[in-house]
Amino acid sequence: MNIGELQRTIYNPILKQNTKSFLDNDELEDIKNNYSEGVIMNGMQYRPDVVADYYMGDSNYAWLITYINDFYNGIKDYTLGKKIKIPLLR
């Protein structure tokens, strides 16, 4: 699954056109429950973009790694040696 597949196209009757929508809660929970484990290595600390690129091949997935790990302190949660969940996208 690529980053574009995480969005859904829906028809907006008010605008009378297709628009991109966010994932719904059920889809996010499915992603949150399907993961492998990783560790923040040297050169990755405080860099969610580098973590996402290394483990998922695309730095745009940084938000998803942050979400499934319940990180609330931004880059401060990305500390050296921390074990993290890496989403498995189908």
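Residue by residue through segment 37-54, which ³J(HN,Hα) values in whole Hz follow from phi under the Karplus form 6.51 cos²θ - 1.76 cosθ + 1.60 (θ = phi - 60°), with glycine and proline marked x?
My calculation for segment 37-54 gives 10, x, 9, 7, 9, 3, x, 9, 5, 6, 10, x, 5, 6, 4, 5, 5, 5 Hz in order.
Tell me the label-point distance for the pair Tyr72, Tyr35, using the 7 Å Cα-to-Cβ offset, in nm and rounded to one decimal.
If labels sit at Tyr72 and Tyr35, their model points lie 1.6 nm apart.
So who's got an amide H within less than 5 Å of the one on Tyr35, skipping anything under 5 residues away but keeping other chains? H placed 1.01 Å off N, in plane.
Leu88
Rank the residues Ser59, Ser36 as a footprinting-exposure proxy: fewest other Cβ atoms within 10 Å of their Cβ go first. Could you put the intermediate results ahead of the total?
Working: Ser59 15, Ser36 10.
The most exposed by this proxy come first: Ser36, Ser59.
Values in this text are rule-based calculations from the coordinates and carry no lab data. For clarity, every value in this text was computed on a predicted model and none was experimentally measured. Using ideal geometry, Cβ is built from the backbone for each residue, glycine included, and neighbour counts are taken over all protein chains shown.
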